[in-house]
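See structure below.
The values are calculated or read from the model by the stated rules, or taken from the named source; none is laboratory data. Everything quoted here is computed from the prediction, not taken from an experiment. Here the Cβ positions follow ideal geometry from the backbone for every residue, glycine too, while neighbour counts run over all protein chains shown.
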Amino acid sequence: MPLLSGYHASHAPLAKLPATAQRSAPSSFSATAKRSGRAKTWEISSHFHCSIIGTCLTAGELRQVLIKVGEGDARSAGDHALHSRGVWLAGQKGVPGKLLNKALDRRHESMIRRAASIDSAEELQRFWRDAFDRGDISGAYWTVMTHPAANEKLVRDVFGEVHMLSHLVGSASRLDIARLTELQRQAEEKDDKIAKQERRLAAAAAERVEMLREIEQLREALRRAQAASDTVGSAVEARADEARGGVSSANAAHSELLAERLATARQETQREQQRAELAEAELSRLRLENDQIEALLLGDGSSVGDDVTTLASVTTPSGTSAGEGAVLYVGGRRSLYDRLRSLASDHGVTLLLHDGGLEDSTTLLPAALAQATTVVFPVDHISHTAAGIIKRSCRESGKAYMPLRSAGLASFLAAIRDAANAGQGRTLRAGE
């Protein structure tokens with residue numbers, strides 16, 4: 001397919017075109033100004049054909065025009081090849097050129113009608129500026145380039161704006177691609193985090209099932225112990241009756257042995273009861289953390305259980321209120337500190353942090369304790385020294401502290417939501 005010989009030069013300023021091209025452009029403007037009708041593409045300097053084709057027609061519309069003029073491979077040609085052929089076609093005066101002009105006029109018919117009554121370059125300039133500010137570039141550009149009132153200066157100014165706008169659009173496209181790539185990367189990271197949270201949730205669910213099984217075993221052991229206790233008690237009572245009725249000294253000794261066994265059975269029953277109560281409490285904590293993990297994954301910050309431990313409203317050993325204030329978190333993993341701050345801030349809680357001596361000196365811990373109303377620390381991720389300082393200082397000052405089950409986000413979320421919902425459930429006593 002032959003291309004216009006000056007096509008690549010069309011991207012250069014008009015002053016750098018060959019002398020013949022510079023002479024032809026002004027003459028085309030003067031001829032246009034004298035016509036009563038609008039100009040055709042072959043009557044416009046080839047210097048502007050590239051920008052007209054690239055701005056005023058879509059690739060699909062240009063492809064349809066080329067198919068109509070008999071370009072057999074136009075259906076499969078790339079966008080750049082279509083553009084090159086469209087630039088060449090703009091300079092043809094015959095039927096192909098007329099089809100191209102007809103397609104341009106049809107696409108921008110409403111804009112052409114709006115400018116039909118304009119009869120001066122100044123008014124046409126205002127028409128262009130208004131359309132440019134609204135972002136209606138393609139229709140206004142074709143209208144101005146072919147309008148009878150357009151002069152050389154206006155056409156060159158409009159061409160310059162469109163030319164520079166194409167550079168800005170290209171730059172913005174590159175930035176958009178970079179932003180899209182970054183967003184895709186962030187989405188992948190969030191998917192990974194969600195997958196990790198789902199795995200942790202599954203592990204917590206499995207742990208809850210195992211805990212329920214252990215509790216049921218403890219309950220069964222307690223029932224057996226109570227049955228044994230009742231049996232031994234009945235036997236002891238019977239032996240006591242025999243002893244009171246004048247039984248032999250040997251039977252009395254046996255009764256004493258049975259009484260000892262009864263006391264031992266009762267003690268074992270109490271221990272089993274305590275173990276069952278501890279297991280029930282641990283199960284409640286696990287259920288609460290499991291519900292809070294689900295709420296966090298679903299993005300619903302409103303689901304907080306009613307059976308919680310209040311941190312922000314605490315009671316000292318003397319029974320006086322410690323008031324509301326900052327919560328100090330000691331120990332844990334520093335990699336989670338930013339997330340801990342965010343969770344505390346979401347629930348309206350002021351959070352102070354100290355890593356328990358890993359990087360922050362333990363000599364600074366008393367000062368941090370003095371600023372806080374309540375202290376929390378994960379028992380699985382804190383030094384014995386730091387834990388001792390916390391317990392001793394809180395007992396001396398009457399402040400409340402809470403050991404957390406782990407350094408994970410779920411345990412902290414349960415504690416910090418307690419602080420944000422002060423007044424619900426039981427209150428934590430200092431040193432509990």
Just checking, which of I112, I137, I215, I118 is surrounded by 10 or more Cβ atoms within 10 Å (Cβ to Cβ), in the same structural domain as H47 (by TED's automatic domain parsing), in contact with an Asp or Glu (Cβ under 7 Å, 6 or more places away or on another chain) and in contact (Cβ under 8 Å) with a residue 24 or more places away in the chain?
-> I112
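Condition check ((1) modelled with pLDDT of 85 or more; (2) over 27 Å from S406 (Cβ atoms); (3) touching a Leu at 6+ places or on another chain (Cβ under 8 Å); (4) part of a helix (DSSP H, G or I)) across all residues:
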residue	(1), (2), (3), (4)
A253	no, yes, no, yes
R261	yes, yes, no, yes
A265	yes, yes, no, yes
E268	yes, yes, no, yes
Q274	yes, no, no, yes
L278	no, no, no, yes
A281	no, no, no, yes
L286	no, no, no, yes
E289	no, no, yes, yes
Inspect all residues belonging to the range 73-85 and state whether any of them is among the aliphatic types (A, V, I, L, M), modelled with pLDDT of 85 or more, part of a helix (DSSP H, G or I) and over 13 Å from R38 (Cβ atoms).
-> yes
Answer yes or no: is there a residue in the range 369-378 that is surrounded by fewer than 13 Cβ atoms within 10 Å (Cβ to Cβ), among the small types (G, A, S) and at pLDDT 90 or above.
-> yes
Residue satisfying condition, being outside any helix (DSSP H, G or I) and either surrounded by 19 or more Cβ atoms within 10 Å (Cβ to Cβ) or at pLDDT 85 or above (or both), within set A149, A103, A203 | A149
Would you say Y337 is outside the structural domain of A225 (by TED's automatic domain parsing), at pLDDT 85 or above, crowded, with 18+ Cβ neighbours inside 10 Å and of a type in the set (F, W, Y)?
-> no
So H163, is it surrounded by 15 or more Cβ atoms within 10 Å (Cβ to Cβ), in a helix (DSSP H, G or I) and without any contact (Cβ under 8 Å) to a residue 40 or more places away in the chain = no
Kindly indicate whether any position in the range 379-400 is assigned to a strand (DSSP E or B) and closer than 28 Å to R200 by Cα.
-> no
Test R239 against the criterion of being at pLDDT 90 or above, part of a helix (DSSP H, G or I) and not aliphatic (A, V, I, L, M), and give yes or no.
-> no
Answer residue from the range 300-330, given it is under 23 Å from K193 (Cβ atoms) and outside any strand (DSSP E or B) and is modelled with the highest pLDDT among those | D300
Tabulated pairs, the range 73-102, first over 13 Å from R63 (Cβ atoms), second of a type in the set (G, A, S), C-beta under 6 angstrom, 6+ apart or interchain = G91/S46
Take the range 354-371 and flag every residue that is assigned to a helix (DSSP H, G or I) and of a type in the set (A, V, I, L, M, F, W, C).
-> L364, L365, A367, A368, L369, A370
